[in-house]
Amino acid sequence: YSKSLGEYFSTEFARLDGRIETLNFNSGQKNFESLINQLSTSGYDAVFMPSSCSSGAIFINQARTAGYHKPIIGSDTWDDQTLFSKATASYGEIYLPSAFNPEGSAESVSASFAAKFSSWVQLSSDRLEKNGGSAYTPPVAALAYDAYMMLCDAIEKADSFVPDNITDQLKTTNYTGV
C-alpha cells in the first residue's frame, strides 16, 4: 500500500509540475538517520512519508530530534491518535489526509457519531486501551460504521440474504455517511 501510494503521489505531483525525488525506506524500518541526512542536505520543501503510523512516529521523532524541521506529509494511515502519543518530539508542521472529521459542525452526523463512539469507548477500560488510551474517534471507526450501514441498507432493500441480491442493492444504494 505504501509503495503504491508513494508512486501515485509522485506521478500526480510531477504532473502538476512539482519537482519530486524518491528516497526509499524499508517496511518496519526503525532507523531513519541516513534518510534524514539526505533530506537535510537536499533543499526539499517537504517530505511525503507513505508509511504505517508506527513508522511515522519513529520518523517524526528522529527527524525533529536531528533538527529536520521541514513539513512532513503523512498518509491516511497516520490518522490515528496513537501517532501523536508516540511522536514525542516537537511535531512542527505535520500534515495528513483524513476520510473523517470527528468535529464537523455541531449539528452534523459526524459530530453525533463521534460523540456516541467516544461515549461507547469510555464505558470500558478494555475499549479505551484498544483505542490508544483515548476516546478519540478514529476515521477507521467511521468508515467501518458506514460500510456496515450500507450493507444493512442493501440487505433490507433486497429482503434477502442471497449475495447476488445484496450486491444488486449495493449498486443502487444512496447512503450519506458519517
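The values are calculated or read from the model by the stated rules, or taken from the named source; none is laboratory data. All values reported here derive from a predicted model rather than from experimental measurement. Note that each Cβ is placed from the backbone with ideal geometry, even for glycine, and that neighbours are counted across all protein chains shown. All accessible areas refer to the heavy atoms of the entire protein, side chains included, with ligands and DNA or RNA removed. Shrake-Rupley method; radii C 1.70, N 1.55, O 1.52, S 1.80 Å.
Name the residues in the stretch 159-178 that are part of a helix (DSSP H, G or I) and β-branched (Val, Ile, Thr), would you? Of everything in the stretch 159-178, those that are part of a helix (DSSP H, G or I) and β-branched (Val, Ile, Thr) turn out to be ILE166, THR167, THR172.
Residue-by-condition table, conditions (1) open to solvent by less than 80 Å² (accessible area, probe 1.4 Å); (2) at pLDDT below 90; (3) of a type outside the set (D, E, K, R):
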| residue | (1), (2), (3) |
| --- | --- |
| ASN24 | no, yes, yes |
| VAL47 | yes, no, yes |
| THR65 | no, no, yes |
| PRO71 | yes, no, yes |
| SER85 | yes, yes, yes |
| ALA89 | yes, yes, yes |
| PHE100 | yes, yes, yes |
| ALA114 | yes, no, yes |
| TRP120 | no, no, yes |
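Once the stretch 26-39 is narrowed to residues that are at pLDDT below 90 and more than 18 Å from the chain's Cα centre (by Cα), the residue that is surrounded by the most Cβ atoms within 10 Å (Cβ to Cβ) is GLN29. Every condition in (1) hydroxyl-bearing (Ser, Thr, Tyr); (2) at pLDDT below 85; (3) surrounded by fewer than 17 Cβ atoms within 10 Å (Cβ to Cβ); (4) within 30 Å of ARG19 (Cα to Cα) is met by THR77 except one, and the failing one is (3). Counting only helices (runs of 4 or more DSSP H) that sit wholly inside the stretch 71-158, those with at least 1 residues that are free of Cβ contacts under 8 Å to residues at least 12 places away in the same chain and over 20 Å from the mean Cα position of the chain (by Cα) are 109-122, 125-130, 139-158.
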